[in-house]
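Heads up: the structure comes next, in structure tokens.
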Amino acid sequence: MGPRLAVSPQQLRVLVPPLVATSYKGSSGKVGVVGGCFEYTGAPFYAALTALKLGADLSHVFCDEAAAVPLKSYSPELIVHGCLRGAPEVDLAEVARQADEVSKWFPALTALVVGPGLGRDATMQAVAALLLERAVRASLPTRYCTPAQSCCSHSNLPRPAPNPPPPTRGARLAAVRYRRRRAAARPWTLARD
């Protein structure tokens, strides 16, 4: 006797898009994933691969140039763009240039995920914040995960329901929000922080 399914075959058929002659690669969705630094290549890989396994036709990963080769070697199904470059100092012209490299793909995407494997690099964080702002302005459906939450805590971006952060990162984000609220209530304390 074979395995028993918790759902019926009829319920599963609803999830699978019909195969029609007018379909083309990308007609079931094109997802962009912004993230992936030298230390963290697994998170953007799994985010992009999950999009493919759940039905998207194309999955682009926009990552640090040091993470591009490992990500390309994980799977030939992913389209990897090593167009981001971390730097210890934030150069606003470089941040804008890197954000331009990614946002030129916005018209070709149906959704954007920001943050998997982003790391704490200041330049990468600034690029992610700028991309989130541009995605909101372009009405591109956007989801961000925990590494990108710190970008949102420092800006006036809308806050969709993010994935819950791990405890240590949650405490760090709560401290940032607490300091901002306290500074708004008592601006003279900002100089002491």
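What follows is calculated from the coordinates using simple rules that are stated; it is not laboratory data. This structure is a prediction, so every number in the text was calculated from the model and none was measured. As a convention, Cβ positions derive from the backbone with ideal geometry for all residues, glycine included, and neighbour counts pool all protein chains shown.
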Handout entry: Under 5 Å, built H, 5+ apart or other chain: amide partners of His81
Key = Val61, Phe62, Cys63
Problem - Cα-based convex hull volume of the stretch 1-106 per residue, rounded to whole Å³ - result: 151 Å³
Problem - Burial order of peptide ranges 84-93, 43-52 (average beta-carbon count within 10 Å, highest first) - result: 43-52, 84-93
Practice task
Using a/c under 1.5 as the rounded threshold, could you call the stretch 26-162 rounded, prolate or oblate? The axes a ≥ b ≥ c are square roots of the C-alpha gyration tensor eigenvalues, and prolate needs a/b larger than b/c, oblate otherwise.
Solution key: oblate
Problem - Backbone N within the stretch 47-87 under 18 Å of label point (7 Å from Ser27 Cα along the Cβ vector) - result: 55-59
Fill in the blank from the handout: Other residues with Cβ under 13 Å from the Cβ of Leu130 give, with Lys and Arg +1 and Asp and Glu -1, a net charge of -2
Problem - Ratio Rg/Rh, restricted to the stretch 24-74 and using Cα atoms, in which Rh is the Kirkwood radius - result: 1.00
Practice task
Work through the residues other than Arg97 whose Cβ is under 13 Å from its Cβ and net out their charges, Lys, Arg +1 and Asp, Glu -1.
Solution key: -2
Exercise for the section: Check each of the trypsin sites (Lys or Arg not before Pro) in the stretch 1-57 and keep only those in coil by DSSP with at most 15 other C-beta atoms within 10 angstrom; list them in order. Expected result: Arg4, Lys25
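Just to confirm a number: summing +1 for Lys and Arg and -1 for Asp and Glu over residues other than Val61 whose beta-carbon lies under 14 angstrom from that of Val61, what do you get?
Neighbour charge sum, excluding Val61 itself: -2.
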